[in-house]
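This report concerns only the one structure given below.
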Amino acid sequence: MHMKKECIAMLLAGGQGSRLCALTSKVAKPAVPFGGKYRIIDFPLSNCVNSGIDTVGVLTQYQPLELSSYIGIGQPWDLDRTLGGVHILPPYVREGSKGTWYKGTANAIYQNMGFIAQFDPDYVLVLSGDHIYKMDYSVLLAHHKRSKAACTISVLEVPMEEASRFGIMNVDKEDFIYEFEEKPKKPKSNLASMGIYCFTWKKLRQYLIADEANPASSNDFGGDVIPAMLSAGEKISAYRFSGYWKDVGTIVSLWDANMDMLSVRSGVRLYDDTWPVYCRTPTMPPQLIGSGAVISHSLVTCGSEVYGKVENSVLFHSVRVEPGAEIRYSILMPGAVVESGAVVEYAILAENTKVGTGAHVGASPDQTPAEDWGVTVLGSGVAVPGGGTVPPKAMLEQTEKEGIR
């Protein structure tokens, strides 16, 4: 039994996240832990339910197990609905065909047109599962309806000197898009696409079918579908978003966004009761702060034990910082252990990592030549032996030992 929905959301969460390297070797990028108690996908899922959108398809592909079990039936986000709710949509084999992986963002939606059709929506939101932001999609939808557009693209003003890194939208006086340039060398505007689209369903369906029939297409929204709509003369509107937004697709941007959680001025506003970020939280005892512990400007989650010194850092549940250990400007994901006398600075420690007694992981940018510095990453399960040193910018996976000196 299904009922008509005015608008449903399709959340693209199948990315391999290859630029996050060691952090995504075992999990999909949207399932990467973030901000002390969340996962990246909690932000768009929370946006949906806070915006009154109760039907969400989550399109998975790469390493879907942890992401699928984390979302479950959607109860933490109030998406365990009889009519609608959250649905995990992996690629599948259709009758008479071999079936394929999702070939691109547009093809992923094309393969799930049957799911969308069940709800006969007027509008479809296409969202990304790897952005950190708070957005009221109902305002975006209202803008889309007012403009009577076939597609509305959410855009963000970026510094002009950085505009060539983004897909740039050139707009007229009424904010209708007349040109889309992917990473232009000489950008004409600074309106960057956020990869968040609102489509009128009938139009989207028409262009997805046409795109699939084009053997030259890479089946991508930004590269193929949007340009096809533009060249056909469809009305495409720009929706200007002015809040905090970060694509956490790289190690540095993920580290930056976690550090932003510590800054009141960053615009993330975790403590806003009107727009909560929901998540699935494990049952844990309270955090334990030892008598000799020193903690400043940090997020420390339930279930962690701190006996050493922690500053400007984000600690997840089940983290243990032993006496004499020092943590600076770092992110310690669930189960990370830093033994006595060890120093961890400007680093990301993935789940169940261990830094042995007296070891040193990472380095401060003040004490490192600029070309040699970077955030140090220990992948899931990596153990640094006592006294070992892991230099800045190193990225170690469990099978690697050569990065430890």
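The values are calculated or read from the model by the stated rules, or taken from the named source; none is laboratory data. Please read these numbers as outputs of a predicted model, since none were measured by experiment. In this analysis, Cβ positions are derived from the backbone assuming ideal geometry, glycine residues included, and neighbour counts consider all displayed protein chains. Side chains included, ligands, DNA and RNA excluded: accessible areas come from the protein's heavy atoms. Shrake-Rupley method; radii C 1.70, N 1.55, O 1.52, S 1.80 Å.
Things to note:
- Think of each Lys and Arg Cβ as +1 and each Asp and Glu Cβ as -1; about the Cα centre, that makes the dipole of segment 234-392 roughly 360 debye.
- Residue 346 accessible area, assembled protein chains, probe 1.4 Å, Å²: 30 Å²
- Helix 201-212 axis, angle to the chain major axis (alpha carbon atoms, nearest 10°): 80 degrees
- Farthest positive-ward along the chain dipole, Cα basis, beta-carbon charges - from 289, 187, 255: 187
- Cα-Cα pairs of segment 180-265 separated by more than 15 Å (percent): 70 percent
- Per residue, the chain exposes an accessible area of 44 Å² to a 1.4 Å probe, with every protein chain left in place.
- Label-point separation, residue 364 to residue 165 (7 Å along Cα→Cβ), nm: 2.6 nm
- Here the accessible area is traced with a 1.4 Å probe on the protein chains. For the chain, carbon and sulfur cover 52 percent of it.
- Based on Cα contacts under 8 Å between residues 6+ apart, the chain shows a relative contact order of 13 percent.
- Remark: segment 112-165 projects, on average over all directions, an area of 5.6 nm² (convex hull of Cα atoms).
- Rounded tilt (10° steps) of 251-260 against the dominant C-alpha axis of the chain: 80 degrees
- Segment residue 117-residue 269, length gained on full extension (0.36 nm per residue, minus Cα span): 51.1 nm
- Extending 7 Å from the Cα toward the beta-carbon at both residue 179 and residue 75 defines two label points whose distance is 5.4 nm.
- Computed packing ranks the peptides 282-292, 335-345 as 335-345, 282-292, most packed first, by mean other Cβ atoms within 10 Å.
- Mean shadow area of segment 132-275 over all directions, Cα convex hull, nm²: 10.2 nm²
- Given charges at beta-carbon only (K, R positive; D, E negative), |dipole| of the chain in Debye: 600 debye
- Considering every alpha-carbon pair of the chain, the percent of pairs per 20 Å bin, from zero through the bin containing the longest distance, is 26, 53, 20, 0.
- Check: segment 246-337 dipole with +1 on Lys, Arg Cβ and -1 on Asp, Glu Cβ, in debye: 40 debye
- Estimated D of segment 167-224 in µm² per second, where Rh is the Kirkwood radius over Cα pairs and Stokes-Einstein applies at 4 °C, 1.567 mPa s: 100 µm²/s
- Candidates 280, 205, 146: whichever shows maximal mean-square fluctuation once the chain is modelled as a Gaussian network with Cα springs under 10 Å: 146
- Largest to smallest accessible area among 110, 133, 123 [probe 1.4 Å]: 110, 123, 133
- The gain in end-to-end length when the residue 82 to residue 283 segment is fully stretched comes to 69.7 nm, 0.36 nm per residue minus the alpha carbon separation.
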